[in-house]
Amino acid sequence: MDEAVKQSIGSALGAIPSGVFVLTAQHEDRRSGMLASWVQQACFEPPMVVVAVAKGRSIMPLISESRQFALCQLADDDKLLSRKFAEASDPGEDPFLGFELTPGQLPNLPILANCLAYTECELACHMDVEGDHDLFVGLVRGGGRQTGAPRIHIRENGFEY
């Protein structure tokens, strides 16, 4: 691809705004969370969302095996959760220790109590789109929201984090 075309595409992709979420999942005694910004509502009826997850992330098998996940949207001023879940945690470490969790509609699903909004999802579809991310489509089974402004992420270059 021509460098000028790539730069133009990167600039256009980077301008697509996205929220900032902590994607969470649990299977048996293992649970994990990671920052996710490629999240979008996909259907009204039934309500569904889609999230893109980089291949090889440790949360992927937890979603596939448990058939559920949660998306916890971060508030604009929430730096603590953002820092905590920005980097991959050690495989044996529970990333939710020290954080208050709230019960939801689906069993054994970590939902951060201090998030701005959350959706609890049953896995409807997992797609390998032959790119560097896989797509997980979730049927929304529960959710909640507090007051406040969401964190919005806009990239300078759509080819870089």
For Ser32, what charge total do you get from the other residues with a beta carbon under 14 Å from its beta carbon, if Lys and Arg give +1 and Asp and Glu give -1?
-> -3
Sites matching GluC sites (Glu not before Pro) across region 98-145 that sit in DSSP coil, with at most 11 neighbouring C-beta atoms within 10 Å | Glu100, Glu130
Counted charge near Phe21, where neighbours are those whose Cβ lies closer than 12 Å (Asp, Glu -1; Lys, Arg +1) | 0
Any chance you could give the angle, 0 to 90 degrees and rounded to 10, that helix 3-14 forms with the longest Cα principal axis of the chain?
-> 30 degrees
Starting from the coordinates of the alpha-carbon atoms of region 76-161, obtain the Kirkwood hydrodynamic radius over all distinct pairs and give the value in Å to one decimal.
-> 15.6 Å
Computed over the chain, the relative contact order (Cα-Cα under 8 Å, seq sep at least six) in percent reads 32 percent
So, in Å, what gap is there between the alpha-carbon centers of region 105-147 and region 1-60?
-> 11 Å
Extended-chain gain in nm, criterion 0.36 nm per residue less alpha-carbon gap, Asp128 and Asn114 = 1.8 nm
With no solvent and one equal point scatterer placed on each C-alpha of region 16-153, evaluate the Debye formula and give log10 I(q)/I(0) for q = 0.19 Å⁻¹, two decimals.
-> -1.13
May I ask you to order 105-118, 33-46 by the average number of other C-beta atoms within 10 Å around their residues, highest value first?
-> 105-118, 33-46
Straight distance only, please: which lysines reach the Cα of Lys6 with their own Cα at less than 29 Å, same-chain residues fewer than 8 apart left out?
-> Lys55
For region 12-91 the mean separation of alpha carbon contacts under 8 Å (6+ apart) over residue count, i.e. relative contact order in percent, is 35 percent
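No value in this document is a laboratory result; all are computed from the given coordinates. The structure presented is a predicted model; accordingly, all values stated were derived computationally and were not measured. As a convention, Cβ positions derive from the backbone with ideal geometry for all residues, glycine included, and neighbour counts pool all protein chains shown.
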